[in-house]
């Protein structure tokens, strides 16, 4: 049981808004621990499964440039935090614009950040979620 009162075993859906490693690195482990189904836009699913290689944005050069601006580099980050190694992620439920997850979250395809990036809109609560990994219990 976490401080929030949610037990990881109660999570039954993992919704990926986009494929960047910093948002999906732990997904396979969370699925293994919970048995939750993984949801993503159908475009992202091809890259997540590594059927196609995703080369940007941001690509390696852009990422290294951002680190340089921040006063660090990939070697320092890797030494501090380890490698970001994301194995293939298999999407259980393919989403597209207009789909609904559960009873409340409407999928809005918002490409740009990545080709299959999605945002999630909860009309009842008037909340728009633009990008993250979501572990959903409902």
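Where a number appears in this text, it was derived from the coordinates with a stated rule and is not lab data. Quantities reported herein were computed from a predicted structural model and do not represent experimental measurements. Because the Cβ atoms are built from the backbone with ideal geometry, glycine has one as well, and the counts that use them run over all protein chains shown.
See the values below:
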{"quantity": "Helical contribution to [θ] at 222 nm, DSSP H n ≥ 4, -39,500 (n - 2.57), averaged over the chain, rounded to 500", "calculated": "-7000 deg cm²/dmol"}
{"quantity": "log₁₀ of I(q)/I(0) at q = 0.11, 0.12, 0.25 Å⁻¹ - segment 1-71, Debye sum with one point per alpha carbon", "calculated": "-0.39, -0.45, -1.12"}
{"quantity": "Pairwise centroid distance, computed over Cα atoms, of segment 59-112 with segment 10-29, Å", "calculated": "9"}
{"quantity": "Residues 33, 79 arranged by fewest to most Cβ contacts within 10 Å", "calculated": "79, 33"}
{"quantity": "Per-residue Cβ neighbour rank within 10 angstrom, fewest leading, 6, 118", "calculated": "6, 118"}
{"quantity": "Relative packing of 36-47, 63-74, 99-110, which averages over residues the other C-beta atoms within 10 Å, highest first", "calculated": "36-47, 99-110, 63-74"}
{"quantity": "Spacing of the two label points (7 Å from each Cα toward its C-beta) at residue 70 and residue 53, in nm", "calculated": "2.4"}
{"quantity": "Shape parameters for the chain, alpha-carbon atoms, Rg then Dmax in Å", "calculated": "16.0, 45"}
